[in-house]
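Everything below concerns the one structure shown next.
Where a number appears in this text, it was derived from the coordinates with a stated rule and is not lab data. What you see is a predicted model; the values in this text were computed from it and never measured. Positions of Cβ are generated from backbone atoms using ideal geometry, with glycine treated the same way; all protein chains shown enter the neighbour counts.
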Amino acid sequence: MRIEGLQGNFKTSFDVMREQLSLDGIDLELTFEIADEMSVRVKDGKGVLRCAEVSQMNRLLALVAQSAPSKDLEIVQTPRFRTLSLMLDVSFGGPLKLGAIKEYFRYLAAMGYNQVLFYVEDMYEMPEKYAHFGYMRGRYSIAELRELDDYAYGIGIEIVPCMQTLGHMRHYLKWDEARPYKENADVLLPDDETTYGLIRDMLVAASKPFRSKRIHVGLDETEGLGVGRSLRKRGYREPLDVFLKHAGRVAQLCDELGLRPQMWNDMVFCYCSEKHRKYDPNTRLSQKVLEGIPKNMDLVYWNYEDEKCGKFMIEKNREIGNPVIFAGGVWIFGGALPDNAFSEYFHERALADCKEMGVEEVCLTVWSYGTTVYQTSLLEAARFAEHAYEGSADKLRERFEGFTGASFEAFYDMSNLHAQYKEGEIDYNAISYDERFFGDKLMWQDIMLGIFDAKLYEEPRAEHYRRMADEYRDFAAQGGKWQWLYQYCYEIFNYLSIKCFIAERIAPAYKAGDRETLRLLATEQLPALEEAILALAEAHDFHKETYLRPFGREENDRMYGTVLMRTRYAVRRLNAWLDGKIESLPELAEPRLSEPANAWGWDFDGLTKF
């Protein structure tokens, strides 16, 4: 493909995208024109490409590539949002290598994204006096972040630093160095000049590498605000008052530094709800809030799961008078694989609300936790892009496969880690927030204690996971650039099929005195489970070693090590009982409760209701 008339970043981006999209193999001659219209019109191999932004050109090029080898084209796109953004988390899980980030940016560019929120917490370089800021976490240097910003800028993507200035600071606050800034284990000490000196330095350091003057300052999920060290220092004050004063001070610092801040909006609504819920339909914003939210602060309304409150919450945010940005979330944060089926269910409704309500900026958050493979977010990223440019996701399958070279079915069916979806069916009301992560709980639960076994008695999964393993064995056998991911999926489902087979039988067999079944589990199934754990860890290692920095994987390795050692222990325990060396197995005699406590490590009630 040849394009005449490209200059500046349009030319820079074309040189990158021609390789990403294999444009050199397309026999077309185009002329480029800057225009409000976003279109490509070609007749007999010659035509005109018109658009206003580099991101729009990138998407048009991707659509032309998907239409090849046709020499007669008419592609017209209508952007529904001024900003199509994706928040990429490099803080919660293992941080990504620079090359991996650039590759991900190229996929986003092809889809038409024009902004990335780069979520860092403590993952950026600070002055030497904050030596433990990002220590042993794989933080990014100023030079590295500038390199990323230059690269993103060249392909039409604005990087906005996304940081924290109150909560979610536990990685730094665990060090003695951070004691002067500590309200509690997770939250910075508010209303303290020492803290604001730290925050000013954070704002400078986080924004310095980037061209953008926008900055996301966090302020979400600040539980315990006002009742930690500040309670002992100043006595009790209403948390809302503390929050508003702090937000005002952060906004003032941003203003002094020439930055335009934005914040997550959840705590504002929690404090105004009698039930302390961020999606409470009975919430009434007080005059204190209406006057106390800084006027230079954009509000990010994040909602990942409640489809009933979209319009209501947009209206409530607009009462404050500040610009409103909607943030959805791909359900990638619940374990090794995403629930793309649920993401589809929610976002189809949420994005329709945004378009109807005239929201101009939308963002898809990609939170990357311990075992997350971040590339699995690409399917939902493509859905957001389709709604942004097409108005619907009717062409999602062909577009996603064209943007990524991946199989739509292979990505969509990853949802079956958490639920036993039937094609075309999803019952939102039948799945609680907690249950949507059930597959991850099964991955890491103890094989002898089995606190989630009762759920498996009600809804067996061994055969379900075996069918999924067979499906991904077939995907992996096809090879291609995504073969490593399909192999990883196969190992997950194979491991779970064996583990669930054991979990569905081990305690009932012991209680029934079924020695034959227990001998089978000890001699065949548990050794097979051990092999499956090692194979899964090896498949996961490919992703970590190819795309991630080494920091952070130690926690993941501990998880694999724990299930491996407990599996070996289970073999010894069962054999010892079967051989009469011990009298009983009280852990298998313990009743399996149908509603066990949340032992997964998350306060789900706190996350959803506060």
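Observations, loosely collected:
- Using the average count of surrounding beta-carbon atoms within 10 Å as a protection proxy, the listed peptides 150-160, 477-487, 448-458 rank, highest first, as 150-160, 448-458, 477-487.
- Once backbone amide H atoms are built at 1.01 Å from N, Gly93 has Ser368 as its partners under 5 Å, excluding neighbours fewer than 5 places away on the same chain.
- Distance from the C-alpha centroid of the range 547-599 to that of the range 126-165: 39 Å, rounded to the whole angstrom.
- Listed candidates (i) 23.5, 71; (ii) 25.8, 84; (iii) 40.6, 173 - label of the one calculated as Rg and Dmax of the Cα atoms in Å: (ii)
- Its residues counted as N, the range 83-406 yields a C-alpha radius of gyration over 2.2 N^0.38 Å of 0.97.
- The dipole here belongs to the chain: it is taken about the Cα centre, uses +1 on the Cβ of Lys and Arg and -1 on the Cβ of Asp and Glu, and is about 1160 debye.
- Cα centroid separation, the range 188-245 to the range 304-356 (Å): 26 Å
- Across the range 302-310, rounded Karplus estimates of 3J(HN,Hα) from the backbone phi angles (6.51 cos²θ - 1.76 cosθ + 1.60, θ = phi - 60°) give 9, 8, 10, 7, 10, 7, 8, 10, x Hz, Gly and Pro being marked x.
- Reachable lysines, given that their alpha-carbon falls under 25 Å from the alpha-carbon of Lys544 and they are not under 8 places away in the same chain: Lys97, Lys102, Lys441, Lys481, Lys499
- Average 1/r across all pairs of distinct alpha carbons in the range 17-162, invert it, and you get the Kirkwood radius: 16.9 Å.
- With a Förster radius of 56 Å applied to the C-beta separation of Glu74 and Glu274, the computed FRET efficiency comes to 0.50.
- Here the Kirkwood formula, the inverse mean of 1/r across different C-alpha pairs, assigns the range 325-394 a hydrodynamic radius of 12.3 Å.
- Taking 0.36 nm per residue of sequence separation and removing the Cα-Cα distance, the Lys97/Ser594 pair yields an extension gain of 174.7 nm.
- Projected label points at Asp241 and Arg211, each 7 Å from Cα along the beta carbon direction, are separated by 4.6 nanometres.
- Interchain or long-range residues, amide H under 5 Å from Tyr140's placed H: Tyr124, Glu125
- Global size of the range 437-589 as Cα Rg and Dmax, reported in angstrom: 16.5, 54
- In order through the range 61-72: 3J(HN,Hα) via Karplus (6.51 cos²θ - 1.76 cosθ + 1.60), integer Hz, x for Gly, Pro: 4, 5, 5, 5, 4, 6, 8, 4, x, 4, 10, 10
- Near the amide H of Arg549, within less than 5 Å, lie the amide hydrogens of Leu96, Lys97, all on another chain or at least 5 residues away, with H placed in the peptide plane.
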